[in-house]
Amino acid sequence: MSSFKNSLLGFLKFFISKKFIINIVASIVFVLIAIFGTLFFLKSFTNHGKQFFTPNFEGLTVPEAMRLAKEKKITVKITDSVFEAFGERGTIVDQTPTFNFLIKKGRTIFLTKKTVLARKISMPNLRNISLIQAKSEIETRNLKIGKLDYQDSKYENLILEQICKGSVIAPGTMIETGTTIDLVVGRSNDKTITSVPNIVGLTKEDGALLAAEFFLNIGSKIYDESVVTKQDTSNALIWKHSPKKNWKADLGDDIDIWLTVDMELLKE
């Protein structure tokens, strides 16, 4: 019993000894250093706190974009070049992430440039085919359908001639994608009547395509006060047109359209 008591006293003396206290303090310090070291490493590894908003590269030339990236210490990469896009040729027309997006330092921003030269294709032969076939050919080849000029013919809705920039264009001529092609279309003497489709909510380009399906043209384009910039002009939607839907019209008649970017008008 006496020996157990002595052992217990010895054990207690060790616990309250300076050596034991030093060991406890050292252990606590080590744990704290390990915790703070780990947090510091994670902070450095994830660039915590080093976030910023992306600058706007759109509208800049490639050299200008590179200078801005160098100034902001940002990595950029041009991933694609397009021609059918809004903006000046040779400038940045899109970026990912978008302008004013919060990102961490070191992230790559991907830029899309509008090509200086459009891709060229061979002008198809649209003569002596139906308007429906011609419209399909034009869309397939990334061209645009322009004005339909109806002339008397014994062949109803047959393409009599293809026009580009006011002149007849021969099949096989190399032209840029996106070029507008006007068509001379046959109309019989009985003056066939068509109905005006509903083109509200469409862009002027889509409205022109739908109007063409009903053998009609887009006439005057009237933009309201909400359309301010070139981008607005591109994005504007038809909110009213005249004649209205289901009105009877002669082949080749015009539909005047009113355009806006004010979505409230489209709800009326």
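Read-outs throughout are calculated quantities, based only on the coordinates presented, and are distinct from any laboratory measurement. This structure is a prediction, so every number in the text was calculated from the model and none was measured. Positions of Cβ are generated from backbone atoms using ideal geometry, with glycine treated the same way; all protein chains shown enter the neighbour counts.
Some observations on this one:
- Going from the fewest other Cβ atoms within 10 Å to the most, the residues Tyr150, Tyr155, Tyr223 appear in the order Tyr155, Tyr223, Tyr150.
- Backbone HN-Hα couplings from phi across the range 151-162 [Karplus 6.51/-1.76/1.60, Hz, Gly and Pro as x]: 10, 4, 7, 7, 10, 6, 6, 9, 6, 8, 7, 10
- When the trypsin sites (Lys or Arg not before Pro) in the range 160-268 are filtered for DSSP coil states and for at most 14 other beta-carbon atoms within 10 Å of their beta-carbon, the remaining sites are Lys165, Lys191, Lys244, Lys245, Lys267.
- Cα-based shape type of the range 140-240, given that a ≥ b ≥ c are square roots of the gyration tensor eigenvalues and the cut on a/c is 1.5: oblate
- The range 143-232: GluC sites (Glu not before Pro) falling in loop per DSSP and having at most 10 other Cβ within 10 Å: Glu225
- Here Ile78 and Ile33 are evaluated by their C-beta separation; at R0 = 51 Å the FRET efficiency comes out at 0.65.
- Taking amide hydrogens as placed 1.01 Å from N in the peptide plane, the amide H of Val76 sits under 5 Å from those of Ile109, each at least 5 positions away in sequence or on another chain.
- Proximity of backbone amide H atoms, modeled 1.01 Å from N, is registered between Leu158 and Gly186 at under 5 Å, excluding neighbours fewer than 5 places apart on the same chain.
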